[in-house]
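Report on the following structure.
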Amino acid sequence: MAKQVGRDQQGITLRGSAEIVAEFFSYGINSILYQRGIYPPETFTRVQKYGLTLLITTDPELKNYLNNVVEQMKEWLYKCIVQRLVVVISSIENNEVLERWQFDIECDKTAKDENEPREKSQKVIQDEIRSVIRQITATVTFLPLLETACAFDLLIYTDKDLEVPEKWEESGPQFIANSEEVRLRSFTTTIHKVNSTVAYKKDSFP
């Protein structure tokens, strides 16, 4: 007789993994934009996710932009053709890059939808994601204060043979001169693994 499996214990499929990772990016990017003060705090609202209280934007234009990004990421994650997502924070005044939040994505390209689901519970994955989001929140304790008005860009690196949709600009890597880098935690669904780092401009003062 087939064993009944609770929802949390169901395995991870390729499609399910793509959705989990894309959703993480949605909450992760929102957290970075809030923590780093890129948008006014009053334009964010509280939601419960991963056992945490997170802040997400209520700005219609930003919301729409991030939703488009997440939907596109979901497709690229499903096809295992996206390698990296970078949130670049730069000064509006002189375009100098001040911070680079880099999320490297490893994908098991042997994973197919028709394969047996991988054995890893949603709860364990959510716990790992919670640790990453907590670290994003805690970075304000060591990142230099952004003393100038800043804007953000999203860079998405895909397999080289991929045509980028028209609405995506192809841009350079936007590295930071004279930077420090801190590695954050990683998480894995067993199909996709996400490694996170943040690089920031060192203070010019000794």
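The values are calculated or read from the model by the stated rules, or taken from the named source; none is laboratory data. What you see is a predicted model, and the numbers here were worked out from it, not measured in a lab. Don't worry about glycine lacking a Cβ; one is built from the backbone with ideal geometry, like all the others, and counts go over all protein chains shown. Side chains included, ligands, DNA and RNA excluded: accessible areas come from the protein's heavy atoms. Shrake-Rupley method; radii C 1.70, N 1.55, O 1.52, S 1.80 Å.
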Only Cα pairs within less than 10 Å get springs; with that Gaussian network setup on the chain, which residue of Tyr157, Tyr65, Tyr39 has the largest fluctuation? Tyr65
Count the lysine pairs in the chain that are 8 or more places apart or on different chains: how many have C-alpha atoms under 14 angstrom apart? 6
So if R0 is 35 Å, what FRET efficiency would Tyr157 and Val47 give, r being the distance between their Cβ atoms, rounded to the nearest 0.05? 0.75
Please compute the contact order of the chain in relative form: average sequence separation of alpha-carbon pairs under 8 Å and at least six residues apart, divided by the residue count, as a percent. 29 percent
Taking region 50-117, which trypsin sites (Lys or Arg not before Pro) meet the DSSP loop condition and have no more than 12 other C-beta atoms within 10 Å? Lys109, Lys112
Got a sec? Charge dipole of the chain, +1 on Cβ for Lys and Arg, -1 for Asp and Glu; which of Leu184, Gln102, Leu85 is way out at the positive end? Leu184
Rounded to a whole number of µm²/s, how large is the Stokes-Einstein D of the chain at 37 °C and 0.692 mPa s, given Rh as the Kirkwood radius over C-alpha pairs? 181 µm²/s
So how strong a dipole does the chain carry about its Cα centre when Lys and Arg Cβ are +1 and Asp and Glu Cβ are -1, to the nearest 20 debye? 880 debye
Compute the distance in nm between two label points, each set 7 Å from the Cα along the Cα-to-Cβ direction, one at Arg183 and one at Lys109. 2.4 nm
Heavy-atom accessible area ranking, 1.4 Å probe, most first, across Thr53, Thr197: Thr53, Thr197
Any chance you could run the full-extension gain for Glu119 through Phe142? It's 0.36 nm times the residue separation minus the Cα-Cα distance, nm to one decimal. 4.6 nm
Net charge of neighbours whose Cβ lies under 12 Å from the Cβ of Glu181, counting Lys and Arg as +1 and Asp and Glu as -1: +2
Lys202-Asn95 FRET efficiency (beta carbon distance; Förster radius 22 Å; 0.05 resolution): 0.75
Any idea how far apart Ala149 and Gln135 come out in nm if each label point goes 7 Å out from Cα toward Cβ? 3.4 nm
